[in-house]
Amino acid sequence: MARLPFGVSRFDGQIGGGAPSGSVVLLAGSAGAGAREFLYTSTVFNGMLKDDPELFDLHYGDLDPGVEPPDEVHYVSFSASRGDVSREITFSMDNEIVASGLSGVTFADLSAEYFQLSPVPREWYVDEPRSLSELGETTDRRSVIQAFADYLDEHAADSLVVVDSLTDLVGDQQRERPWADVVYLLKGLRKATREWDGLVLLHLSRDAITETEFGELMACVDGTVQFGWETGGNERVRTMFVQEFRGVLSQLEEEDIVRFETEIHEAGFDVSNVRKIR
């Protein structure tokens, strides 16, 4: 089975080069624990692989045999613009790396659909005034889930799609986006991604949902990677573990790997230590 790189070199190296193609992966963690930085690093390094292979090789190294880079990289946000996301990424990564990586990334801002039925003033989330014809199109009131699905239908085949953030959908219990719709969305996404043969990463703030809801979401995806904090003595360490993942968890179990200690530096998210069963 072909694999697509996550873009985190030491993690990719432990799991055969990356995620099996056709996978939907949930990246769930508490604030600051590394889930969002993992998402950013995947975006930047896969974009860099396409547009600046020399810089990619310098910071990542060689891809494992059998790994196929995505044809395209798409970053989907429900509530932030490309500029907002770019500035956020530069807080945790070197400017040169970010600029090089994001030049190869296509950005989709679904703010218009996300905020359209909210009390938020339109001027806050629409950068430019629309023409009369464009304004007429909005009378259909396409839902944010429909807009998301339409975008994936057009762009997800053989691509890496990173979604920032699923929390925007699951944290909204208004009638417009009931919980059942989010669950069905992920179930349908999982089925479609098998046909698209790409990789979809979904960021989720773990604190935003209950344990039962989290279990429901886990059952709808191919893999779940959790990020958290551990405190020992005077140190506070970021950790990551694979809770479930078809084609990946079995490899980690064979190597007796139970958890990864992680760090965030100028080249983004990385694995600093591998914990094994002793």
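The values are calculated or read from the model by the stated rules, or taken from the named source; none is laboratory data. The structure displayed is predicted, hence computed values, not measured ones. Here Cβ is always computed from backbone atoms with ideal geometry, including for glycine, and neighbour counts include all displayed protein chains.
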I want to confirm something. Restricting to segment 91-102 and keeping residues that are modelled with pLDDT of 95 or more and not in a helix (DSSP H, G or I), which single residue is surrounded by the most Cβ atoms within 10 Å (Cβ to Cβ)?
MET93
Please enumerate the residues belonging to segment 188-206 that are more than 22 Å from ASP71 (Cα to Cα) and under 17 Å from the mean Cα position of the chain (by Cα).
LEU204, SER205, ARG206
Any residue at all in segment 152-167 that is touching a residue at least 24 places away in the same chain (Cβ under 8 Å), among the β-branched types (Val, Ile, Thr) and assigned to a helix (DSSP H, G or I)?
yes
Go over the candidates ASP153, ASP140, ASP168 one by one and state the one that is at pLDDT 90 or above, of a type in the set (Asp, Glu) and more than 23 Å from ALA208 (Cα to Cα).
ASP153
Taking segment 148-157 as the search range and keeping residues that are in contact with a strand residue (DSSP E or B) (Cβ under 9 Å, 6 or more places away or on another chain) and surrounded by fewer than 20 Cβ atoms within 10 Å (Cβ to Cβ), which one is farthest from TRP179 (Cα to Cα)?
HIS155
Selected residue (only one of GLY223, GLY228 is under 27 Å from ILE277 (Cα atoms), of a type outside the set (Lys, Arg) and buried (at least 21 other Cβ atoms within 10 Å of the Cβ)):
GLY223
Given the criteria buried (at least 22 other Cβ atoms within 10 Å of the Cβ), in a helix (DSSP H, G or I) and free of Cβ contacts under 8 Å to residues at least 40 places away in the same chain, does PHE56 qualify?
yes
Is it the case that TYR75 is assigned to a helix (DSSP H, G or I), aromatic (Phe, Trp, Tyr) and closer than 30 Å to ASP150 by Cα?
no
Test result for ALA33, in a loop (DSSP other than H, G, I, E, B), of a type outside the set (S, T, N, Q) and surrounded by 17 or more Cβ atoms within 10 Å (Cβ to Cβ):
yes
Residue list for segment 97-118, filter: out of contact with any helix residue (DSSP H, G or I) (no Cβ under 8 Å at 6 or more places or on another chain) and touching a residue at least 12 places away in the same chain (Cβ under 8 Å):
SER111, LEU117
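Results for (1) more than 18 Å from HIS203 (Cα to Cα); (2) in contact (Cβ under 8 Å) with a residue 40 or more places away in the chain; (3) hydrophobic (A, V, I, L, M, F, W, C), shown as yes or no for each residue.
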{"residue": "GLY7", "(1), (2), (3)": "no, yes, no"}
{"residue": "PHE11", "(1), (2), (3)": "no, yes, yes"}
{"residue": "GLN14", "(1), (2), (3)": "yes, yes, no"}
{"residue": "GLU37", "(1), (2), (3)": "no, yes, no"}
{"residue": "THR43", "(1), (2), (3)": "no, yes, no"}
{"residue": "GLY66", "(1), (2), (3)": "yes, yes, no"}
Could you name every one of the strands (runs of 3 or more DSSP E) located completely within segment 173-278 that has at least 2 residues being touching a residue at least 12 places away in the same chain (Cβ under 8 Å) and in contact with a Leu (Cβ under 9 Å, 6 or more places away or on another chain)?
199-205, 223-232, 235-245
